[in-house]
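Take a look at the structure below.
Here, each number is a calculation from the coordinates, and none is a lab measurement. Every value quoted in this text rests on a predicted model; they were computed, and no experiment measured them. Counting neighbours? That spans all protein chains shown, and the Cβs are built from the backbone with ideal geometry, glycine included.
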Amino acid sequence: MSDRIARRRFLGTSAAASLASPLLARAGAGLAPATACPHCAKLGWQLACQLYTFRHLPFYEAIEQIASLGIGYIEPCFFLRLDAKRPKLRTSEQLTPEVRRELKERIDRLGLKVANYYAQVGTDESAAKRTFEFAKELGVATIVSEPPPEAFDMIEKLCDSFQINLAVHNHPRLPNSRYWHPKNVLKVCEGRSKRVGACVDTGHWVRSGLKPIDCLKILGNRVITAHLKDVAEWGKLKARDVPLGTGKADIAALLRYLHKEGFRGALTIEYEHQSPQLLADVRQCVRFIESVAAELAR
């Protein structure tokens with residue numbers, strides 16, 4: 001999600017609900033927490049959930065839902081609420097050191113790990129450094145963002161200094177979606193550190209009329225992590241999310257391709273449809289990924 005689009009969607013929802021071979025694994029190699037996804041872990045896949053999935057809940061409540069699903073990793077989002085009792089707080093680098101410690105304790109208490117952090121990274125080096133420092137405190141391997149092209153010289157230095165990746169996220173094809181096509185992502189990565197790459201959003205590719213497998217082949221060894229989405233209709237910007245494996249993205253084929261190319265890293269479920277049975281839908285996504293992983297782990 002782009003920062004502007006994401007904020008707009010979040011505000012609307014709040015009001016209503018109030019690859020080595022050629023894909024290179026670079027997303028960190030920490031030990032997996034106890035999860036319901038042993039075959040994913042066996043393949044080196046860190047199954048995560050984007051907090052935007054549970055955006056109707058503050059972070060502290062949302063991570064309890066995620067943990068209940070057996071998902072061991074999370075991807076916080078910089079503009080989402082932290083705590084129902086302190087509605088002005090957001091899960092971002094703006095938190096005080098005391099609240100950051102509290103945040104980390106709450107994550108640790110549930111046995112979760114922070115794989116990625118969705119952040120706003122621009123051209124302000126001081127602000128970007130604070131984002132990287134916050135990510136480092138949380139043990140993040142990859143910052144997911146959509147920085148302007150002119151920021152990448154500075155970002156590359158921070159990636160190497162902090163030993164944290166920056167993965168460029170794609171949104172659907174819109175006038176303000178700079179990275180909707182994988183070639184645009186590849187262009188800002190060209191000639192840079194291996195820590196600069198792509199966070200591939202499969203559902204947004206389908207909404208843009210792009211085939212996920214073709215997009216992966218374009219990106220090659222720049223794939224760092226993924227937002228796994230499936231959508232009901234091809235080439236429609238407003239196509240709604242559906243459980244993985246039931247839409248047009250051919251997620252099973254995509255996962256098989258990633259495995260064949262040696263991918264090891266974070267795969268993040270992001271379910272944007274505010275389903276009345278959200279927990280059940282996300283559980284179905286988890287079971288689908290684990291079933292494909294079980295097939296591949298034989």
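When the convex hull of the C-alpha atoms of region 179-245 is computed, what volume per residue in Å³ does it have?
Taking only Cα atoms, region 179-245 has a hull volume of 74 Å³ per residue.
For the charge dipole of the chain, defined by +1 on Lys and Arg C-beta atoms and -1 on Asp and Glu C-beta atoms about the Cα centroid, which residue among GLY235, ASN116, ALA62 has the Cα displaced farthest towards the positive pole?
After comparing all options, I get GLY235.
Determine the percent antiparallel among the DSSP beta bridges restricted to the chain, to the nearest 5.
10 percent
Which peptide among 196-202, 159-165, 81-87 comes first, and what is the full order, when sorted by highest mean count of other Cβ atoms within 10 Å?
Packing order, densest peptide first, comes out as 196-202, 159-165, 81-87.
Using a basic spin-label model with each label point 7 Å from the Cα along Cα→Cβ, how many nm lie between SER161 and LYS129?
For the pair SER161/LYS129, the computed spacing is 0.5 nm.
My understanding is that a pair violates if its Cα-Cα distance is over 29 Å; which of LYS129/LYS187; LYS187/LYS229; LYS88/LYS248; LYS183/LYS229; LYS129/LYS183 do that in this structure?
LYS88/LYS248
Give me the number: length gained by fully extending LEU174 to GLU102, i.e. 0.36 nm times residue separation minus the C-alpha to C-alpha distance, one decimal in nm.
The span from LEU174 to GLU102 would gain 22.1 nm if fully extended.
Order the peptides 280-288, 105-113 from the highest to the lowest mean number of other Cβ atoms within 10 Å of their residues.
280-288, 105-113
Charges at C-beta only: +1 for Lys and Arg, -1 for Asp and Glu. How large is the resulting dipole of the chain about its Cα centre, in Debye rounded to 20?
For the chain, the charge dipole is close to 320 debye.
If you rank TYR118, TYR60 by fewest surrounding Cβ atoms within 10 Å, what's the result?
So the ranking, lowest neighbour count to highest, is TYR60, TYR118.
In Å, what is the Rg of the alpha-carbon atoms in region 208-294, and how long is Dmax?
12.9, 38
Can you put TRP180, TRP45 in order of Cβ neighbours within 10 angstrom, beginning with the fewest?
So the ranking, lowest neighbour count to highest, is TRP180, TRP45.
Taking the Cα centre of each part, how many Å lie between region 239-298 and region 126-156?
Measuring centre to centre over Cα atoms gives 27 Å.
Sort SER92, SER193, SER145 by Cβ crowding within 10 Å, fewest neighbours at the top.
Listing SER92, SER193, SER145 from fewest to most nearby Cβ atoms yields SER193, SER92, SER145.
For LYS113, which sequence-distant residues (separation of 5 or more, or a different chain) have an amide H within less than 5 Å of its own amide H, given hydrogens modelled in the peptide plane?
TYR73, ILE74
Place the peptides 266-274, 210-218 in order of packing, highest mean first, counting for every residue the other Cβ atoms within 10 Å and averaging per peptide.
Taking the mean over residues of other Cβ atoms within 10 Å, the ranking is 266-274, 210-218.
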